[in-house]
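Single-structure report; data block below.
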Number of protein chains: 2
Amino acid sequence: MTLSASHPLMDGRTADSPLISAYRGQTPSRRPVWFMRQAGRSLPEYRRVREGIGMLESCLQPELAAEITLQPVRRHDVDAAIFFSDIVIPLKLAGVGVDIVSGVGPVLDRPVRTAADVAALPTLEDAALDPIREAVARTVDELGHTPLIGFAGAPFTLAAYMVEGRPSRDHLGPRTMMHAAPETWAALANWAAEVSGQFLRAQVEAGASAAQLFDSWAGSLGRADYERHVAPASARALDAVRDTGVPLVHFGTGTSEILQPMRDVGVDVVGVDYRLPLDEANRRLGGTVPLQGNIDPALLDAPWEVLEAHVREVIAAGEAAPGHVLNLGHGVPPTTDPEVLTRLVSLIHSIDVTGGQ
Amino acid sequence: MTLSASHPLMDGRTADSPLISAYRGQTPSRRPVWFMRQAGRSLPEYRRVREGIGMLESCLQPELAAEITLQPVRRHDVDAAIFFSDIVIPLKLAGVGVDIVSGVGPVLDRPVRTAADVAALPTLEDAALDPIREAVARTVDELGHTPLIGFAGAPFTLAAYMVEGRPSRDHLGPRTMMHAAPETWAALANWAAEVSGQFLRAQVEAGASAAQLFDSWAGSLGRADYERHVAPASARALDAVRDTGVPLVHFGTGTSEILQPMRDVGVDVVGVDYRLPLDEANRRLGGTVPLQGNIDPALLDAPWEVLEAHVREVIAAGEAAPGHVLNLGHGVPPTTDPEVLTRLVSLIHSIDVTGGQ
């Protein structure tokens with residue numbers, strides 16, 4: 001796969017954008033910022049268009065998914081759109097029985113626990129991804145020079161939902177499977193890598209200028225387990241888009257101890273959660289990659305001067321890295337006042353990009 | 001407060017036990033092992049005595065709490081009992097409206113969010129702790145030479161429940177309060193430190209030979225927040241029992257990044273969760289304290305040979321530390337086969353204490 005000449009990165013629409021420049025380690029024209037979960041429940045316009053429409057359904061209606069993806073860009077002037085979807089959409093599109101249960105999260109009709117369960121998993125047909133391609137195409141048409149970031153859940157996170165059958169705190173099921181039945185685990189992780197990669201590829205083909213792999217639950221793993229049982233699958237998911245040359249970003253919460261192996265699956269940018277200062281993250285990564293992060297979402301609800309001081313600290317800590325894209329160190333909480341986010345974008349854009357104010 | 005002459009540590013009943021020896025950095029007569037949550041849902045005899053009795057109620061019936069505390073000692077031959085209680089019991093005894101909701105966890109009648117809410121918190125009267133003292137006294141009477149470990153939730157964990165009003169994943173409420181209203185936070189953390197300390201002290205006075213502070217949610221904090229907004233309160237909780245001379249243990253999950261400041265609140269032993277190998281934990285702590293941990297609970301459900309190999313790795317990694325008490329790197333999962341735990345204790349006791357098998 002190579003990108004077509006009309007792809008936003010190829011025709012010049014987004015190649016010089018602040019986000020893509022920073023992701024490539026070049027000096028951006030302004031400090032780029034976007035927010036994980038910027039499209040979603042914090043926005044009244046989102047709650048309006050979602051009324052009466054289930055979560056997964058809203059991801060699969062191209063016009064609606066594009067609208068939701070665009071809402072925060074229009075409102076906040078952020079430097080990127082992040083494709084609105086759900087981590088389990090590739091499962092759903094493959095035909096795995098899954099739904100989002102209010103107050104719980106993704107719940108599978110049948111958990112995947114045995115070698116036979118894994119062997120019986122369906123294939124994700126390429127045509128099933130058409131609604132994703134259409135949503136992305138609609139989105140990038142309206143975005144113009146603002147890049148769209150494609151997104152997928154990483155294989156461990158997908159597989160954790162599949163083994164547990166629902167969200168869990170400790171992810172004991174998948175972590176047991178790695179050791180108790182390593183071949184079954186490897187087969188499941190490969191299946192998840194396959195659908196995760198297909199989902200990412202569809203977004204990039206259709207116009208996404210970058211791709212972020214979210215490993216929401218990787219923080220539950222010790223480094224040895226991550227390197228042995230998870231990293232190969234994550235690398236494989238990313239292999240699906242590697243030859244396109246779009247910048248690849250990798251993020252998970254509670255992953256301070258595994259930043260290096262998360263980089264080493266082969267990504268251009270590492271996202272850092274709110275717990276680890278960026279200067280320390282950069283030190284651990286040997287200054288090799290631009291960083292993304294890591295405003296503490298808990299501070300969004302603090303008085304403005306407290307939040308501003310925190311953001312300036314984050315920017316100062318990020319100066320050492322070979323590139324920095326401002327973001328939260330976790331997703332936007334649903335209760336966040338969207339006006340705070342708009343003001344934050346404006347503050348960040350006002351701070352000179354070559355260091356200091 | 002000093003321990004009475006009839007206290008198990010003072011009259012020699014537990015002073016030379018493998019647990020207390022290892023906690024003090026001395027060579028124990030056998031490798032000590034106990035399991036966090038060893039008293040509880042994994043045991044059929046526990047499920048039997050709890051039938052029809054609510055969680056908090058069972059903690060407050062001295063005879064029942066003692067029975068539940070003793071069950072795993074009788075069954076598994078572990079080297080310590082851990083007092084059966086719930087992290088919110090000190091709140092309940094102070095008169096805060098709280099109950100355990102099945103499938104949710106502790107839920108407060110009214111969350112504590114403002115300075116006025118904190119100012120209105122009741123005092124924990126010493127007499128309210130009598131059922132705790134009675135349960136402990138009954139327990140140590142039967143335990144003989146096996147030490148009882150007293151336990152309390154750390155101030156941050158207690159305060160996190162109080163601010164959120166229920167369990168939460170990210171603990172945004174208390175983390176926001178630290179920055180948005182630091183004086184309110186400090187007052188709440190101090191209140192929590194006070195009741196946590198009183199709860200610990202009652203257990204030690206009544207016969208507990210050691211005390212463990214559990215900071216279940218401390219892993220949600222970056223190091224700077226932990227040091228500034230949490231560590232002083234944890235130190236204060238421990239101050240309540242410091243002069244007794246019982247060994248103090250500190251544990252939280254996901255705390256690899258804050259092991260040093262968790263030690264520096266002033267404890268004798270640091271518990272390590274399953275994510276960080278003990279040799280690396282010992283390196284970070286400069287070899288200053290004995291360690292407790294850190295068998296991965298996910299491995300309890302793996303084939304025996306996989307579990308045994310893992311336990312031997314944990315023991316080998318712990319050799320470098322100035323003392324090692326085997327434990328899980330998190331609590332016993334409710335679905336654990338108790339026979340696996342019994343077999344594990346026997347394996348651990350069979351491995352020579354001076355290194356190797």
>> On the principal axes of its Cα set, how long, how wide and how thick is the stretch A:228-357? Give whole Å, largest value first.
In response: 44, 33, 28
>> If DNA, RNA and ligands are ignored and the probe is 1.4 Å, what is the ranking of A:Asp117, A:Asp215, A:Asp264 by accessible area, most exposed first?
In response: A:Asp264, A:Asp117, A:Asp215
> Along the axis that rotates chain B into chain A, which residue of chain B has the nearest beta-carbon, and what is the gap in whole Å?
Replying inline: B:Gly254, 3
>> Using a 1.4 Å probe on the protein heavy atoms only, what accessible surface does A:His330 show? Give it in Å² to the nearest 10.
In response: 40 Å²
>> Before we go on, tell me the buried accessible area for the B/A pair, both chains summed, 1.4 Å probe, in Å² to the nearest 100.
In response: 2300 Å²
> In peptide B:169-181, how many Cβ atoms from other protein chains are near each Cβ within 10 Å, on average?
Replying inline: 5
> Which of rounded, prolate, oblate describes the stretch B:193-247, given a ≥ b ≥ c as roots of the alpha-carbon gyration tensor eigenvalues and a/c under 1.5 marking rounded, otherwise prolate only if a/b is larger than b/c?
Replying inline: prolate
>> Given the DSSP H assignment, sum -39500 (n - 2.57) over each helix run of at least 4 residues in chain B and divide by its residue total; what's the result at 222 nm in deg cm²/dmol, nearest 500?
In response: -13000 deg cm²/dmol
> Rounded to the nearest 10 Å², what accessible area does A:Arg242 show when all protein chains are kept and the probe is 1.4 Å?
Replying inline: 90 Å²
> Carbon and sulfur atoms: what percent of the 1.4 Å accessible area of the stretch B:18-350 do they account for?
Replying inline: 48 percent
>> Between helix A:155-164 and chain A, what is the angle of the helix's C-alpha long axis to the longest principal axis, kept within 0 to 90° and rounded to the nearest 10?
In response: 50 degrees
>> So the label point sits 7 Å from Cα along the Cα-to-Cβ vector; using that for A:Asp99, what distances do you get to the other copies, in nanometres, sorted shortest first?
In response: 3.0
>> How large is the Rg to Rh ratio of chain A when both quantities use alpha carbon positions and Rh follows Kirkwood?
In response: 0.94
> What are the nm distances, shortest first, from A:Ser168 to its equivalents in the other copies, labels at 7 Å along Cα→Cβ?
Replying inline: 2.6
> Measuring from centroid to centroid over Cα atoms, what is the spacing of the stretch A:26-89 and the stretch B:219-268 in Å?
Replying inline: 40 Å
> Three principal axis extents, largest first, for the C-alpha atoms of the stretch B:135-200, in Å?
Replying inline: 50, 23, 15
> Taking the Cα atoms of the stretch B:1-110, what is the range of coordinates along each of the three principal axes, in descending order and whole Å?
Replying inline: 47, 36, 23
> How high is the FRET efficiency from A:Arg284 to B:Arg312, r the C-beta distance, R0 30 Å, rounded to 0.05?
Replying inline: 0.50
> Helix B:182-206 sits at what angle to the longest principal axis of chain B, using alpha carbons and giving 0 to 90 degrees rounded to 10?
Replying inline: 50 degrees
> Relative to the compact globular guide of 2.2 N^0.38 Å, what is the alpha carbon radius of gyration of the stretch A:222-271, as a ratio?
Replying inline: 1.09
> Quick one: how many Å² of B:Arg24 are accessible to a 1.4 Å probe, rounded to 10?
Replying inline: 110 Å²
>> Run the label-point distances for B:Val306 please: 7 Å along Cα to Cβ, every other copy, nanometres, shortest first.
In response: 4.6
> Out of the DSSP beta bridges found with both residues in the stretch B:18-350, what percent are antiparallel (nearest 5)?
Replying inline: 15 percent
> For chain B, what's the relative contact order in percent, using C-alpha pairs closer than 8 Å and at least 6 residues apart?
Replying inline: 21 percent
> Just the accessible area per residue of the protein assembly as shown, please: how many Å² with a 1.4 Å probe?
Replying inline: 36 Å²
>> Normalised by the empirical 2.2 N^0.38 Å for globular proteins, what value does the Cα Rg of the protein assembly as shown take?
In response: 0.98
> For the stretch B:173-269, what class follows from the C-alpha gyration tensor (a ≥ b ≥ c being the square roots of its eigenvalues): rounded when a/c is under 1.5, otherwise prolate if a/b is larger than b/c, else oblate?
Replying inline: oblate
> To the nearest 10 degrees, how steeply does helix B:338-350 sit against the main Cα axis of chain B, on a 0 to 90 scale?
Replying inline: 60 degrees
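The values are calculated or read from the model by the stated rules, or taken from the named source; none is laboratory data. Please read all numbers here as calculations on a predicted model, not as lab measurements. Note that each Cβ is placed from the backbone with ideal geometry, even for glycine, and that neighbours are counted across all protein chains shown. To get the accessible areas, we keep the full protein, side chains included, count just its heavy atoms, and leave off ligands, DNA and RNA. Shrake-Rupley method; radii C 1.70, N 1.55, O 1.52, S 1.80 Å.
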